[in-house]
Amino acid sequence: MIHLERLWADNRFTAEGDILHLATDRGGMRRVKGVRRVSSLPLACERLNLVGIADLVEFHAGPDGETPFPVEFKRGKPKKHRADEVQLCAQGLCLEEMTGQGVPAGALFYGETRRRVDVAFDAALRRLTEETAL
């Protein structure tokens with residue numbers, strides 16, 4: 001309905017998601033404790049034909065330059081399926097293609113639990129993400 005007939009109706013869940021994303025949707029860059037944080041960063045991966053916008057990407061300084069670390073904000077809590085992890089890994093794959101830097105991990109921040117869950121982009125998750133994208 002949203003895409004075909006351009007119909008949209010907010011509900012409690014979409015409103016809570018909008019509130020959670022208020023800070024990240026504004027875009028911009030700032031430094032927090034030596035980490036460069038960029039919100040609403042446009043992403044693309046030509047190889048997998050992906051485009052999107054990352055809620056937040058932290059750039060951690062290291063000996064080989066900055067390592068991107070995507071952070072995806074979710075309204076609810078961790079799920080039993082891997083859809084959130086696949087979305088986050090897709091952001092990592094985009095960042096790898098865009099920056100030429102390896103992106104070994106990212107994080108999911110869940111508004112309901114107010115916790116950040118680190119996600120390693122291991123071979124199995126990368127394969128699942130690529131299969132999903134293709």
Search the structure for amide H atoms under 5 Å from the amide H of Leu43, placed 1.01 Å from N in the peptide plane, and list their residues when 5 or more places away or on another chain. Gly52, Ile53, Ala54
Semi-axes of the equivalent ellipsoid for the stretch 65-116, Cα gyration tensor, largest first, Å: 23, 11, 7
Can you tell me the length gained on complete extension of the stretch Val38 to Leu128, counting 0.36 nm per residue apart and subtracting the Cα distance? 29.7 nm
Residues with beta-carbon under 12 Å from that of Thr67, excluding Thr67: net charge, scoring Lys, Arg +1 and Asp, Glu -1? -3
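Coordinate-derived values only; no laboratory data. As the structure is a computational prediction, the values presented were derived from the model and not from experiment. Reconstructed Cβ throughout: ideal geometry from the backbone, glycine too, with neighbour counts over all protein chains shown.
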